[in-house]
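Just below is one structure, and these are the notes that go with it.
The values are calculated or read from the model by the stated rules, or taken from the named source; none is laboratory data. These figures come from a predicted structure and were not determined experimentally. Using ideal geometry, Cβ is built from the backbone for each residue, glycine included, and neighbour counts are taken over all protein chains shown. Ligands, DNA and RNA are excluded from the accessible area calculation, which covers all protein heavy atoms including side chains. Shrake-Rupley method; radii C 1.70, N 1.55, O 1.52, S 1.80 Å.
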Amino acid sequence: MRKKIVAGNWKMNKTHSEAIELVSGIVDSSYDKSVQLILVPPSIYAAEIEEITSDGDISVGVQNSSQFESGAYTGELSASMIKSIGAQYVLVGHSERREYFNETNEMLSKKVNQLLLNDLIPIFCCGEVLEEREKENHFNLIKDQLNEGLFHLDSTQILNCVIAYEPVWAIGTGVTASSSQAQEMHQFIRGLLVVKYGNEIAEKISILYGGSCKPSNAKELFSNPDVDGGLIGGASLVSTDFIAIANSF
Ligand code: PGA
């Protein structure tokens, strides 16, 4: 059985007191324990949130990490630092990082390597902009993103990764991919995993959907055979919405 995952990407939101309030709301809720919940706050709060959640089943991630190991890289956060505070997951290649911070697939592949060297789990994000979908180039684009950013890994390494498909046109727009559009792409991605790593490994890798996923559409999205959960932005900022999504399998 693949892991069911619901991860909340808070992006650049919440002051410290708001962040603590949000975590408290989540920790105090009851949710389906077969689902792995991951909180991905701004990294400045990650250590404290890791401590608050450490006696439960909730894991903590951060939104970005450096492709370099350590040293004179002002403002960067290394994989070993992230590991040292007890975080377990790191988003890699979110479309906002690709778009506003010029992250390339080559950079992302180096970030993935640093994370695996430090026993962290990359949540590797891929997704197409609307123009690519309209040109019907979306499958090629996702294939390239995975080939160049992730598929240099060997079979053991890929088993320690999570993939998130996030169509850029659905992120923060209120427009969700339809359930069949999500399944179609997730099936395609799993097919790429089969070709590269074989069926047994492909069946074990969780593929999350992201892009305007909310309590009202999560159930339908998660009912697809290749959708193993969600990477949630806006709706992860409200504890009741986040928990409702986690209870949507
Ligand atoms: P959204 O963001 O749920 O607000 O669309 C998802 C994401 O960017 O991870």
Looking for something within 24 Å of F151 (Cα to Cα), buried (at least 19 other Cβ atoms within 10 Å of the Cβ), touching a residue at least 40 places away in the same chain (Cβ under 8 Å) and away from the ligand (no atom under 16 Å from the Cβ) - is there at least one such residue anywhere in segment 230-248? no
Just checking: which of the helices (runs of 4 or more DSSP H) contained wholly in segment 151-244 hold 3 or more residues that are of a type in the set (A, V, I, L, M, F, W, C)? 179-197, 215-222
Only one residue in L141, L108, L116 is away from the ligand (no atom under 16 Å from the Cβ), closer than 21 Å to G210 by Cα, modelled with pLDDT of 95 or more and not in a loop (DSSP other than H, G, I, E, B). Which one? L141
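Does I123 count as touching a Cys at 6+ places or on another chain (Cβ under 7 Å) and surrounded by 20 or more Cβ atoms within 10 Å (Cβ to Cβ)?
Working: touching a Cys at 6+ places or on another chain (Cβ under 7 Å): no; surrounded by 20 or more Cβ atoms within 10 Å (Cβ to Cβ): yes.
So I123 does not fit the description; no.
Can you name the residue in segment 78-92 that is assigned to a loop (DSSP other than H, G, I, E, B) and touching a strand residue (DSSP E or B) at 6+ places or on another chain (Cβ under 6 Å) and is also least open to solvent (accessible area, probe 1.4 Å) among such residues? Steps first, please.
Of all residues in segment 78-92, those assigned to a loop (DSSP other than H, G, I, E, B) come to 78, 85-88.
Then keep just the ones that are touching a strand residue (DSSP E or B) at 6+ places or on another chain (Cβ under 6 Å); that gives 87-88.
On the way: A87: 2, Q88: 81 Å².
That would be A87.
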Does I49 satisfy the condition of being farther than 17 Å from S80 by Cα, touching a residue at least 12 places away in the same chain (Cβ under 8 Å) and within 12 Å of the chain's Cα centre (by Cα)? no
Quick check on my filter: what residues within segment 5-21 are more than 10 Å from Y45 (Cβ to Cβ) and crowded, with 20+ Cβ neighbours inside 10 Å? I5, V6, A7, G8, N9
Sole residue being among the hydroxyl-bearing types (S, T, Y) and within 18 Å of the chain's Cα centre (by Cα), chosen from Y89, Y73: Y89
Can you pull out the residues in segment 165-188 that are buried (at least 21 other Cβ atoms within 10 Å of the Cβ) and within 12 Å of L146 (Cβ to Cβ)? Y165, M185
Considering only segment 148-158, state which residues are within 18 Å of K3 (Cβ to Cβ) and either under 15 Å from the mean Cα position of the chain (by Cα) or among the charged types (D, E, K, R) (or both). L150, I158
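Each row is one residue, and each column tells you yes or no for (1) in contact with a strand residue (DSSP E or B) (Cβ under 7 Å, 6 or more places away or on another chain); (2) within 16 Å of the ligand (Cβ to nearest atom); (3) farther than 26 Å from N118 by Cα; (4) of a type outside the set (S, T, Y).
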residue: S155; (1), (2), (3), (4): no, no, no, no
residue: L159; (1), (2), (3), (4): no, no, no, yes
residue: Q181; (1), (2), (3), (4): no, yes, yes, yes
residue: F188; (1), (2), (3), (4): no, no, yes, yes
residue: A202; (1), (2), (3), (4): no, no, no, yes
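Taking the options A170, A246, A164, name whichever one is of a type in the set (G, A, S) and over 21 Å from Y89 (Cα atoms).
Values: A246 fails: over 21 Å from Y89 (Cα atoms); A164 fails: over 21 Å from Y89 (Cα atoms).
On inspection, the qualifying residue turns out to be A170.
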